[in-house]
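Every number in this text was worked out from the coordinates using simple rules, so none of it is lab data. Worth saying up front: this structure is predicted, and the values here are computed from it rather than measured. Cβ placement follows ideal geometry from the backbone for every residue including glycine, while neighbour counts extend to all protein chains displayed.
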């Protein structure tokens, strides 16, 4: 951690006012009259003007609509109308989610634009109703899977900590946008790690809610039984504020249950919390040398806050990693089959590789994967009888350099040997990824906090306590600190 | 994966099986893609086969549910 950047001071806004770093701080500042939504939004636009050409965060910027929404939020504040903590907050939306005021592409040549034209996904409608200021549609991997394809007419997403590296995916733009200050929070989706991977590589916080907590209709599907919509933001508390808005049943999603989310108290005290620490599988020989000391320090910090820690192992690790791929590939192929047979070359190379896996598996393989998921769900529930939260590294290595993965025939799947997220998608438990330090090269490292189904508040409280005691989540890439200053 | 090994993977029984499965699904993969997929196929096949070898799953119900009363509701 020799080059870990300092927590940068609050940046200067368009009007010269000091701007808050987190959504939660911004919400308080808006209500105290220290900033306006227009000021926050103009500052966010200024950062995008400066950095987006280099980072490829946006697929579509909505500057005019955002400023209009900001003015509306300011008028509401002036009139005493308070729609909650997202009111007036600049917010990015992954371009796999339908929005009425902008095209939805899934970063693909294939998606029929008519599918989402003029319509908001339920989660987007909820953001608007809560007063969020949507600044644009942000980059994804094609249909939320794989890697960039330089042969296709879309920006290559880059990491604000080092633009030669990947910001992670598939919620690439949401991660890079939060890290660089183009917006204070955003929506991502997670089918094999697509919220937590960019959160890890970009040094921000990302929450995959429990499967069924948030309606996923209006999201171009990748894996119907694996897809989760959730927030990326600076802090666990920010993620809770977003989850509160987007959670709750919707009749269009048969998987979504009647379980709205409400934040609880943020005491910072973890006395009595039982934390299981996973080491098996997560520290391979190729792991970054800074990872284990960073994880040890994070676990020490949790212990210092009152948590009781014990080493645990995750049941059916290999089987769930396999089940995630089998399930994702088969469900994706079912969705894409008509286009894949007629427009194969229009898909990104890595998307084609995933669809091919679906063709190489049998119907029985798919069902067997679902039987294993049931067995593992039961086993993980028994583990959570013994502990309240499980922590484990999100990734074993930092953001990889992009160039090798942009070559024709690049072997993308090797990436997943050091990414430890797909296990949890198969189980449906909520998992939060939070920054815990940096490599010697100054790239972020990350820890996952997993909890029982529909008990997000337990892991959010643990991560919040950690973030009250540390400031890793507030670090800003030097590139962005320079642009905003 | 070396180019020589990839070339080998595209031929032979594994390569023909992969070619047939992709063709059955109607996926017009290129020869280079077929070679790459064939090189990876034994690993995927072994991993999928391992799912059948877990004793606890022998009589497990899958994480799938059919609901007779379900109706399609538009989202916007």
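Details
- Sorted by Cβ neighbour density within 10 Å, fewest at the top, the residues A:191, A:99: A:99, A:191
- Of A:166, A:472, the sequence from fewest to most neighbouring Cβ atoms within 10 angstrom is A:472, A:166.
- Nearest-0.05 FRET efficiency for residue A:82 and residue B:50, computed from C-beta distance (R0 56 Å): 0.55
- MRE, 222 nm, helices only [DSSP H, n ≥ 4, -39500 (n - 2.57), over chain A, to nearest 500]: -12000 deg cm²/dmol
- Over chain B, DSSP H runs of length four or greater, each weighted -39,500 (n - 2.57), average out per residue to a 222 nm ellipticity of -18000 deg cm²/dmol.
- Prolate/oblate/rounded label for chain B (Cα gyration tensor, a/c 1.5): oblate
- Number of partner chain Cβ atoms within 10 Å, mean per residue of A:356-365: 6
- The Kirkwood hydrodynamic radius of segment A:23-484, based on inverse pair distances between different Cα atoms, is 21.6 Å.
- By DSSP, the beta bridges lying fully in the protein assembly as shown are antiparallel in about 65 percent of cases.
- If you sort the three axes of the alpha carbon gyration tensor as a ≥ b ≥ c, you get a/c of 1.5 or more for segment A:156-198 and a/b no higher than b/c, which makes it oblate.
- Taking Cα atoms only, the orientation of helix B:12-24 departs from the longest principal axis of chain B by about 40 degrees.
- For A:374-382, mean number of other protein chain Cβ atoms within 10 Å: 3
- Between helix B:31-51 and chain B: long-axis angle, C-alpha atoms, 0 to 90°, nearest 10: 50 degrees
- A simple spin-label model places the labels of residue A:101 and residue B:73 2.7 nm from each other, with each point 7 Å out along Cα-to-Cβ.
- Length-normalised contact order for segment A:124-277 - Cα pairs under 8 Å, 6+ apart - percent: 18 percent
- Rel. contact order, % - alpha carbon contacts under 8 angstrom, at least six apart, chain A: 20 percent
- When the P(r) of segment A:179-326 is calculated, the portion above 25 Å amounts to 41% of the C-alpha pairs.
- Overall form of segment A:247-387 per C-alpha gyration tensor (a/c, 1.5; a/b vs b/c): prolate
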